[in-house]
Amino acid sequence: MTAKALAVFAKEALDAARDRRSLTSALSFALFGPLVLALALTLSAKGSDDGQPLELAVAGPENAPSLVRFLEQNHVEVKAPPADVVAAVRRGDLKVALRIPAGYGGDFRASRPARVELIHDASRLGARTPVRRLERLLERYEARVAGQRLSARGVSPQIIRPLQVEARDLSTTASRAALALATLPIFLLMATFLGGMNVAIDTTAGERERGSLESLLVHAVPRRDLVLGKWMAAVAFNLLSVALTLLLSFLVLRWDRLQKTDVPVSLSVDGALRFLLLLLPLALLAPALQMLLALFARSFKEAQTQLSLLMLLPMVPGLLLSFQSFEAQPWMRIVPILAEQILMRDLLYGQTLAVSTQVLTAGATLAFTALCLGATTRLLHHERIVLGR
(Lines give C-alpha, C1' and ligand atoms only; values in the text may rest on other atoms or scores of the structure.)
Protein backbone atom coordinates (compact mmCIF):
# COMPACT_ATOMS: atom_id res chain seq x y z
CA MET A 1 0.00 0.00 0.00
CA THR A 2 1.61 3.25 -1.16
CA ALA A 3 1.44 6.70 0.40
CA LYS A 4 -0.45 7.99 -2.64
CA ALA A 5 -3.15 5.33 -2.23
CA LEU A 6 -3.48 6.25 1.45
CA ALA A 7 -3.77 9.93 0.53
CA VAL A 8 -6.56 9.14 -1.94
CA PHE A 9 -8.25 7.03 0.73
CA ALA A 10 -8.11 9.84 3.30
CA LYS A 11 -9.51 12.35 0.81
CA GLU A 12 -12.36 10.09 -0.37
CA ALA A 13 -13.24 8.93 3.15
CA LEU A 14 -13.43 12.53 4.37
CA ASP A 15 -15.61 13.54 1.42
CA ALA A 16 -17.89 10.55 1.98
CA ALA A 17 -18.20 11.35 5.69
CA ARG A 18 -19.46 14.80 4.72
CA ASP A 19 -21.91 13.37 2.21
CA ARG A 20 -25.36 12.75 3.70
CA ARG A 21 -26.22 10.09 1.10
CA SER A 22 -23.15 8.00 1.94
CA LEU A 23 -23.78 8.19 5.67
CA THR A 24 -27.46 7.35 5.20
CA SER A 25 -26.54 4.35 3.05
CA ALA A 26 -24.12 3.05 5.66
CA LEU A 27 -26.29 3.65 8.72
CA SER A 28 -29.90 3.22 7.62
CA PHE A 29 -29.78 -0.48 6.84
CA ALA A 30 -27.73 -1.13 9.98
CA LEU A 31 -30.81 0.11 11.86
CA PHE A 32 -33.43 -1.34 9.53
CA GLY A 33 -32.20 -4.95 9.44
CA PRO A 34 -32.09 -5.61 13.22
CA LEU A 35 -35.42 -3.82 13.74
CA VAL A 36 -37.11 -6.03 11.13
CA LEU A 37 -35.51 -9.08 12.75
CA ALA A 38 -36.82 -8.04 16.18
CA LEU A 39 -40.31 -7.45 14.77
CA ALA A 40 -40.36 -10.83 13.02
CA LEU A 41 -39.23 -12.68 16.15
CA THR A 42 -41.72 -10.79 18.32
CA LEU A 43 -44.60 -11.68 16.00
CA SER A 44 -43.39 -15.28 15.93
CA ALA A 45 -43.36 -15.37 19.73
CA LYS A 46 -46.91 -14.01 19.79
CA GLY A 47 -47.90 -16.75 17.37
CA SER A 48 -46.95 -19.48 19.84
CA ASP A 49 -49.15 -18.55 22.76
CA ASP A 50 -50.33 -21.95 24.01
CA GLY A 51 -49.65 -20.84 27.58
CA GLN A 52 -51.62 -17.60 27.21
CA PRO A 53 -55.41 -17.42 27.74
CA LEU A 54 -57.40 -17.76 24.54
CA GLU A 55 -60.38 -15.44 24.25
CA LEU A 56 -63.28 -17.29 22.65
CA ALA A 57 -66.75 -16.03 21.86
CA VAL A 58 -69.18 -18.92 22.38
CA ALA A 59 -72.74 -18.75 21.08
CA GLY A 60 -75.04 -21.07 23.02
CA PRO A 61 -72.78 -21.99 25.96
CA GLU A 62 -75.83 -23.15 27.95
CA ASN A 63 -76.29 -26.00 25.44
CA ALA A 64 -72.95 -27.62 26.37
CA PRO A 65 -71.98 -26.73 29.96
CA SER A 66 -69.48 -29.60 30.27
CA LEU A 67 -67.69 -28.56 27.07
CA VAL A 68 -67.55 -24.94 28.19
CA ARG A 69 -66.21 -25.99 31.59
CA PHE A 70 -63.51 -28.10 29.89
CA LEU A 71 -62.44 -25.15 27.76
CA GLU A 72 -62.26 -22.85 30.78
CA GLN A 73 -60.08 -25.39 32.58
CA ASN A 74 -57.64 -25.24 29.65
CA HIS A 75 -56.89 -21.50 29.60
CA VAL A 76 -59.82 -20.44 27.43
CA GLU A 77 -61.67 -17.28 28.42
CA VAL A 78 -65.27 -17.79 27.29
CA LYS A 79 -67.03 -14.52 26.55
CA ALA A 80 -70.44 -13.52 25.27
CA PRO A 81 -70.73 -13.44 21.48
CA PRO A 82 -71.84 -10.44 19.40
CA ALA A 83 -75.27 -10.41 17.82
CA ASP A 84 -73.88 -11.63 14.47
CA VAL A 85 -70.95 -13.98 15.06
CA VAL A 86 -70.33 -14.68 11.37
CA ALA A 87 -70.18 -10.97 10.50
CA ALA A 88 -67.81 -10.30 13.41
CA VAL A 89 -65.40 -13.00 12.22
CA ARG A 90 -65.65 -11.78 8.64
CA ARG A 91 -64.81 -8.22 9.72
CA GLY A 92 -61.87 -9.44 11.76
CA ASP A 93 -63.36 -8.40 15.10
CA LEU A 94 -63.06 -12.04 16.23
CA LYS A 95 -60.30 -14.44 15.22
CA VAL A 96 -62.41 -17.49 15.97
CA ALA A 97 -65.83 -18.24 17.46
CA LEU A 98 -67.67 -21.37 18.59
CA ARG A 99 -71.38 -21.87 18.02
CA ILE A 100 -73.22 -24.65 19.88
CA PRO A 101 -76.67 -25.41 18.38
CA ALA A 102 -79.74 -26.03 20.55
CA GLY A 103 -79.83 -29.68 19.47
CA TYR A 104 -76.36 -30.36 20.88
CA GLY A 105 -77.62 -31.60 24.26
CA GLY A 106 -80.09 -34.14 22.82
CA ASP A 107 -77.50 -35.63 20.45
CA PHE A 108 -74.87 -35.69 23.20
CA ARG A 109 -77.13 -37.55 25.66
CA ALA A 110 -78.17 -40.02 22.94
CA SER A 111 -74.48 -40.74 22.21
CA ARG A 112 -74.87 -39.37 18.70
CA PRO A 113 -72.28 -37.03 17.14
CA ALA A 114 -73.11 -33.61 18.58
CA ARG A 115 -72.45 -30.82 16.10
CA VAL A 116 -70.53 -27.67 16.98
CA GLU A 117 -69.52 -24.92 14.55
CA LEU A 118 -65.99 -23.57 14.54
CA ILE A 119 -66.27 -20.23 12.76
CA HIS A 120 -63.09 -18.61 11.43
CA ASP A 121 -61.55 -16.99 8.35
CA ALA A 122 -58.64 -19.09 7.07
CA SER A 123 -57.38 -16.22 4.92
CA ARG A 124 -56.39 -14.25 8.04
CA LEU A 125 -52.90 -15.21 9.23
CA GLY A 126 -53.60 -14.15 12.82
CA ALA A 127 -56.44 -16.67 13.09
CA ARG A 128 -54.44 -19.78 12.29
CA THR A 129 -52.80 -20.24 15.68
CA PRO A 130 -55.96 -19.85 17.84
CA VAL A 131 -57.93 -22.08 15.43
CA ARG A 132 -55.33 -24.86 15.64
CA ARG A 133 -55.26 -24.51 19.40
CA LEU A 134 -59.05 -24.74 19.68
CA GLU A 135 -59.15 -27.74 17.34
CA ARG A 136 -56.64 -29.57 19.54
CA LEU A 137 -58.74 -28.83 22.63
CA LEU A 138 -61.91 -30.12 20.96
CA GLU A 139 -60.09 -33.28 19.91
CA ARG A 140 -58.96 -33.82 23.50
CA TYR A 141 -62.50 -33.32 24.77
CA GLU A 142 -63.84 -35.70 22.14
CA ALA A 143 -61.31 -38.38 23.14
CA ARG A 144 -62.13 -37.95 26.83
CA VAL A 145 -65.90 -38.27 26.29
CA ALA A 146 -65.40 -41.30 24.04
CA GLY A 147 -63.27 -42.96 26.73
CA GLN A 148 -65.88 -42.27 29.41
CA ARG A 149 -68.65 -43.77 27.27
CA LEU A 150 -66.65 -46.93 26.61
CA SER A 151 -65.81 -47.31 30.30
CA ALA A 152 -69.52 -46.99 31.19
CA ARG A 153 -70.19 -49.94 28.88
CA GLY A 154 -67.44 -52.05 30.38
CA VAL A 155 -65.10 -51.57 27.43
CA SER A 156 -61.54 -50.43 27.89
CA PRO A 157 -60.90 -47.02 26.27
CA GLN A 158 -57.60 -48.43 25.02
CA ILE A 159 -59.48 -50.44 22.40
CA ILE A 160 -59.91 -47.32 20.26
CA ARG A 161 -56.21 -46.49 20.53
CA PRO A 162 -54.43 -49.01 18.30
CA LEU A 163 -51.33 -46.79 18.25
CA GLN A 164 -49.40 -45.02 20.97
CA VAL A 165 -47.36 -42.41 19.17
CA GLU A 166 -44.36 -41.02 21.01
CA ALA A 167 -42.90 -38.00 19.24
CA ARG A 168 -39.15 -37.52 19.73
CA ASP A 169 -37.90 -34.07 18.85
CA LEU A 170 -34.23 -34.39 17.90
CA SER A 171 -33.74 -30.68 17.31
CA THR A 172 -31.12 -28.94 19.38
CA THR A 173 -31.22 -25.50 20.92
CA ALA A 174 -28.88 -24.29 18.19
CA SER A 175 -30.97 -25.73 15.35
CA ARG A 176 -34.20 -24.24 16.72
CA ALA A 177 -32.51 -20.88 17.11
CA ALA A 178 -31.08 -21.16 13.59
CA LEU A 179 -34.55 -21.66 12.18
CA ALA A 180 -35.75 -18.52 13.93
CA LEU A 181 -32.68 -16.54 12.82
CA ALA A 182 -32.75 -17.67 9.19
CA THR A 183 -33.05 -14.07 7.97
CA LEU A 184 -30.00 -12.80 9.87
CA PRO A 185 -27.43 -13.93 7.24
CA ILE A 186 -29.46 -12.23 4.50
CA PHE A 187 -29.52 -8.94 6.44
CA LEU A 188 -25.77 -9.17 7.02
CA LEU A 189 -25.08 -9.91 3.36
CA MET A 190 -27.23 -6.99 2.27
CA ALA A 191 -25.32 -4.75 4.68
CA THR A 192 -22.09 -5.65 2.86
CA PHE A 193 -23.62 -4.47 -0.41
CA LEU A 194 -25.42 -1.36 0.87
CA GLY A 195 -22.88 0.11 3.28
CA GLY A 196 -20.34 1.35 0.74
CA MET A 197 -22.49 1.41 -2.39
CA ASN A 198 -22.95 5.19 -2.53
CA VAL A 199 -19.25 5.74 -1.93
CA ALA A 200 -18.37 3.29 -4.73
CA ILE A 201 -20.76 5.05 -7.12
CA ASP A 202 -19.76 8.58 -6.15
CA THR A 203 -16.03 7.92 -6.57
CA THR A 204 -16.50 6.51 -10.08
CA ALA A 205 -19.66 7.41 -12.00
CA GLY A 206 -20.30 10.43 -9.76
CA GLU A 207 -16.87 11.97 -10.27
CA ARG A 208 -17.02 11.32 -14.00
CA GLU A 209 -20.43 13.03 -14.18
CA ARG A 210 -19.03 16.05 -12.31
CA GLY A 211 -15.99 16.10 -14.62
CA SER A 212 -13.48 15.58 -11.80
CA LEU A 213 -12.39 12.05 -12.71
CA GLU A 214 -10.41 13.21 -15.74
CA SER A 215 -8.60 15.88 -13.73
CA LEU A 216 -7.68 13.31 -11.07
CA LEU A 217 -6.09 11.10 -13.70
CA VAL A 218 -3.98 14.02 -14.96
CA HIS A 219 -2.17 14.20 -11.62
CA ALA A 220 0.88 12.05 -11.01
CA VAL A 221 -1.12 9.37 -9.21
CA PRO A 222 -0.93 5.88 -10.70
CA ARG A 223 -4.33 4.53 -11.65
CA ARG A 224 -3.74 1.53 -9.42
CA ASP A 225 -3.25 3.75 -6.36
CA LEU A 226 -6.27 5.83 -7.33
CA VAL A 227 -8.47 2.73 -7.54
CA LEU A 228 -7.10 1.29 -4.29
CA GLY A 229 -7.70 4.54 -2.39
CA LYS A 230 -11.27 4.87 -3.62
CA TRP A 231 -11.90 1.19 -2.93
CA MET A 232 -10.59 1.44 0.65
CA ALA A 233 -12.92 4.37 1.34
CA ALA A 234 -15.91 2.30 0.20
CA VAL A 235 -14.65 -0.68 2.23
CA ALA A 236 -14.45 1.49 5.37
CA PHE A 237 -18.13 2.43 5.06
CA ASN A 238 -18.97 -1.18 4.27
CA LEU A 239 -17.28 -2.45 7.41
CA LEU A 240 -19.01 0.26 9.44
CA SER A 241 -22.40 -0.92 8.15
CA VAL A 242 -21.66 -4.61 8.81
CA ALA A 243 -20.27 -3.93 12.29
CA LEU A 244 -23.28 -1.81 13.26
CA THR A 245 -25.70 -4.41 11.90
CA LEU A 246 -23.98 -7.11 13.93
CA LEU A 247 -23.84 -4.96 17.06
CA LEU A 248 -27.52 -4.01 16.91
CA SER A 249 -28.52 -7.60 16.11
CA PHE A 250 -26.50 -8.72 19.13
CA LEU A 251 -28.33 -6.22 21.35
CA VAL A 252 -31.77 -7.01 19.88
CA LEU A 253 -31.35 -10.75 20.42
CA ARG A 254 -30.52 -10.13 24.08
CA TRP A 255 -33.85 -8.36 24.58
CA ASP A 256 -35.60 -9.87 27.62
CA ARG A 257 -38.88 -10.35 25.77
CA LEU A 258 -37.21 -12.53 23.13
CA GLN A 259 -35.27 -14.49 25.71
CA LYS A 260 -38.54 -15.59 27.33
CA THR A 261 -39.86 -17.26 24.17
CA ASP A 262 -39.84 -21.03 23.66
CA VAL A 263 -37.03 -20.67 21.11
CA PRO A 264 -33.87 -19.36 22.78
CA VAL A 265 -32.65 -16.85 20.20
CA SER A 266 -29.33 -15.29 21.04
CA LEU A 267 -26.06 -14.26 19.48
CA SER A 268 -22.93 -14.62 21.57
CA VAL A 269 -19.93 -12.34 21.32
CA ASP A 270 -17.94 -15.24 19.88
CA GLY A 271 -20.68 -15.91 17.32
CA ALA A 272 -20.81 -12.25 16.28
CA LEU A 273 -17.03 -12.19 15.79
CA ARG A 274 -17.21 -15.36 13.70
CA PHE A 275 -19.87 -13.76 11.51
CA LEU A 276 -17.69 -10.68 11.10
CA LEU A 277 -14.73 -12.85 10.11
CA LEU A 278 -16.81 -14.69 7.51
CA LEU A 279 -18.15 -11.43 6.07
CA LEU A 280 -14.81 -9.62 5.92
CA PRO A 281 -13.76 -10.96 2.46
CA LEU A 282 -17.22 -10.19 1.09
CA ALA A 283 -17.06 -6.67 2.51
CA LEU A 284 -13.91 -6.25 0.39
CA LEU A 285 -15.47 -7.77 -2.73
CA ALA A 286 -18.73 -5.80 -2.84
CA PRO A 287 -17.18 -2.30 -3.31
CA ALA A 288 -14.71 -3.64 -5.88
CA LEU A 289 -17.54 -5.15 -7.92
CA GLN A 290 -19.69 -2.04 -7.52
CA MET A 291 -16.89 0.28 -8.68
CA LEU A 292 -16.30 -1.88 -11.74
CA LEU A 293 -19.96 -1.89 -12.75
CA ALA A 294 -20.47 1.80 -11.94
CA LEU A 295 -17.85 2.77 -14.54
CA PHE A 296 -20.15 1.48 -17.27
CA ALA A 297 -23.00 3.77 -16.17
CA ARG A 298 -23.39 7.22 -17.74
CA SER A 299 -24.52 8.97 -14.56
CA PHE A 300 -24.79 8.61 -10.80
CA LYS A 301 -28.51 7.82 -10.99
CA GLU A 302 -28.00 5.22 -13.71
CA ALA A 303 -25.28 3.54 -11.66
CA GLN A 304 -27.50 3.62 -8.58
CA THR A 305 -30.32 1.95 -10.51
CA GLN A 306 -28.06 -0.74 -11.94
CA LEU A 307 -26.36 -1.51 -8.64
CA SER A 308 -29.71 -1.70 -6.88
CA LEU A 309 -30.37 -4.76 -9.03
CA LEU A 310 -27.11 -6.17 -7.69
CA MET A 311 -28.86 -6.40 -4.31
CA LEU A 312 -30.65 -9.47 -5.65
CA LEU A 313 -27.37 -11.39 -5.42
CA PRO A 314 -27.46 -11.84 -1.61
CA MET A 315 -31.12 -12.86 -1.78
CA VAL A 316 -30.80 -15.66 -4.36
CA PRO A 317 -28.58 -17.90 -2.16
CA GLY A 318 -30.94 -17.32 0.76
CA LEU A 319 -33.85 -18.45 -1.38
CA LEU A 320 -31.98 -21.59 -2.44
CA LEU A 321 -30.97 -22.43 1.12
CA SER A 322 -34.58 -22.11 2.29
CA PHE A 323 -35.48 -25.28 0.42
CA GLN A 324 -34.89 -28.35 2.55
CA SER A 325 -33.89 -30.41 -0.50
CA PHE A 326 -31.04 -28.03 -1.27
CA GLU A 327 -27.69 -29.53 -0.29
CA ALA A 328 -24.42 -27.67 -0.51
CA GLN A 329 -21.94 -29.15 -2.97
CA PRO A 330 -18.14 -28.91 -2.59
CA TRP A 331 -17.78 -26.56 -5.58
CA MET A 332 -20.14 -24.06 -3.92
CA ARG A 333 -17.47 -23.33 -1.30
CA ILE A 334 -15.58 -21.23 -3.86
CA VAL A 335 -18.57 -19.26 -5.19
CA PRO A 336 -18.58 -15.80 -3.57
CA ILE A 337 -21.78 -14.83 -1.71
CA LEU A 338 -23.18 -18.37 -1.93
CA ALA A 339 -20.20 -19.79 -0.04
CA GLU A 340 -20.44 -17.18 2.72
CA GLN A 341 -24.15 -17.82 3.16
CA ILE A 342 -23.59 -21.58 3.43
CA LEU A 343 -20.93 -21.02 6.08
CA MET A 344 -23.18 -18.65 8.04
CA ARG A 345 -26.00 -21.18 7.91
CA ASP A 346 -23.67 -23.88 9.24
CA LEU A 347 -22.53 -21.51 11.97
CA LEU A 348 -26.13 -20.81 13.00
CA TYR A 349 -26.82 -24.53 13.27
CA GLY A 350 -23.89 -24.91 15.65
CA GLN A 351 -21.68 -26.84 13.24
CA THR A 352 -17.92 -26.64 13.51
CA LEU A 353 -16.45 -24.86 10.50
CA ALA A 354 -13.27 -26.40 9.16
CA VAL A 355 -10.41 -23.91 8.94
CA SER A 356 -9.50 -25.22 5.49
CA THR A 357 -13.03 -24.51 4.23
CA GLN A 358 -12.97 -20.97 5.60
CA VAL A 359 -9.57 -20.32 4.05
CA LEU A 360 -10.74 -21.72 0.69
CA THR A 361 -13.87 -19.57 0.68
CA ALA A 362 -12.01 -16.43 1.74
CA GLY A 363 -9.29 -17.08 -0.84
CA ALA A 364 -11.81 -17.44 -3.67
CA THR A 365 -13.62 -14.24 -2.66
CA LEU A 366 -10.38 -12.27 -2.33
CA ALA A 367 -9.20 -13.55 -5.72
CA PHE A 368 -12.40 -12.31 -7.31
CA THR A 369 -11.89 -8.98 -5.52
CA ALA A 370 -8.42 -8.66 -7.03
CA LEU A 371 -9.83 -9.40 -10.50
CA CYS A 372 -12.44 -6.65 -10.11
CA LEU A 373 -9.85 -4.12 -8.93
CA GLY A 374 -7.53 -5.06 -11.78
CA ALA A 375 -10.32 -4.70 -14.33
CA THR A 376 -11.29 -1.30 -12.90
CA THR A 377 -7.68 -0.11 -13.13
CA ARG A 378 -7.44 -1.19 -16.77
CA LEU A 379 -10.75 0.50 -17.64
CA LEU A 380 -9.38 3.84 -16.43
CA HIS A 381 -6.85 3.68 -19.26
CA HIS A 382 -9.68 3.89 -21.80
CA GLU A 383 -10.74 7.37 -22.84
CA ARG A 384 -14.29 6.20 -23.56
CA ILE A 385 -14.72 5.09 -19.94
CA VAL A 386 -13.05 8.14 -18.39
CA LEU A 387 -15.04 10.66 -20.43
CA GLY A 388 -18.26 8.63 -20.43
CA ARG A 389 -18.60 8.59 -24.20
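The values are calculated or read from the model by the stated rules, or taken from the named source; none is laboratory data. This is a predicted model, so every value here is computed, not measured. All Cβ positions, even for glycine, are placed from backbone atoms using ideal geometry, and neighbour counts span all protein chains on display.
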Query - Filter result for the condition that a residue is closer than 30 Å to residue 248 by Cα, surrounded by fewer than 16 Cβ atoms within 10 Å (Cβ to Cβ) and hydrophobic (A, V, I, L, M, F, W, C), over 37, 31 - result: 31
Query raised in the report: Is there any pair linking a residue in the stretch 282-300 that is without any contact (Cβ under 8 Å) to a residue 24 or more places away in the chain and surrounded by fewer than 24 Cβ atoms within 10 Å (Cβ to Cβ) to one that is in a helix (DSSP H, G or I) and not polar (S, T, N, Q), with Cβ under 7 Å and at least six apart or on different chains, and which?
Result: 293/307
Query raised in the report: Filter the stretch 14-59 for residues that are out of contact with any strand residue (DSSP E or B) (no Cβ under 8 Å at 6 or more places or on another chain) and not in a helix (DSSP H, G or I); which is modelled with the highest pLDDT?
Result: 19
Query - Single match in 115, 140, 124 (criterion: basic (Lys, Arg) and modelled with pLDDT under 90) - result: 124
Query raised in the report: Counting only residues that are free of Cβ contacts under 8 Å to residues at least 60 places away in the same chain and of a type in the set (Asp, Glu), how many does the stretch 16-37 have?
Result: 0
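Which one of these is more than 19 Å from residue 379 (Cα to Cα), at pLDDT below 90, surrounded by fewer than 16 Cβ atoms within 10 Å (Cβ to Cβ) and of a type in the set (S, T, N, Q): 259, 304?
Details: 304 fails: surrounded by fewer than 16 Cβ atoms within 10 Å (Cβ to Cβ).
When all the criteria are applied, what remains is 259.
Can you tell me which residue within the stretch 75-92, out of those that are part of a loop (DSSP other than H, G, I, E, B) and exposed (fewer than 13 other Cβ atoms within 10 Å of the Cβ), is farthest from the chain's Cα centre (by Cα)? Even if it seems obvious, please write down each step before you answer.
First, pick out the residues of the stretch 75-92 that are part of a loop (DSSP other than H, G, I, E, B): 75, 80-84, 92.
Still in the running and exposed (fewer than 13 other Cβ atoms within 10 Å of the Cβ): 80, 83-84, 92.
Working: 80: 40, 83: 42, 84: 40, 92: 28 Å.
Only one residue fits best here, namely 83.
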Requested in this report: Can you tell me which residue within the stretch 153-164, out of those that are surrounded by fewer than 11 Cβ atoms within 10 Å (Cβ to Cβ) and modelled with pLDDT of 80 or more, is nearest to residue 344 (Cα to Cα)?
Outcome: 162
Query raised in the report: Residues in the stretch 339-387 that are loosely packed, with under 15 Cβ neighbours inside 10 Å, more than 26 Å from the chain's Cα centre (by Cα) and among the aliphatic types (A, V, I, L, M): how many?
Result: 6
Query raised in the report: Of these, 147, 154, which one is part of a helix (DSSP H, G or I) and over 16 Å from residue 68 (Cβ atoms)?
Result: 147
Query raised in the report: When you go through (1) under 17 Å from residue 191 (Cα atoms); (2) at pLDDT 85 or above one by one for residue 356, which number turns out not to apply?
Result: (1)
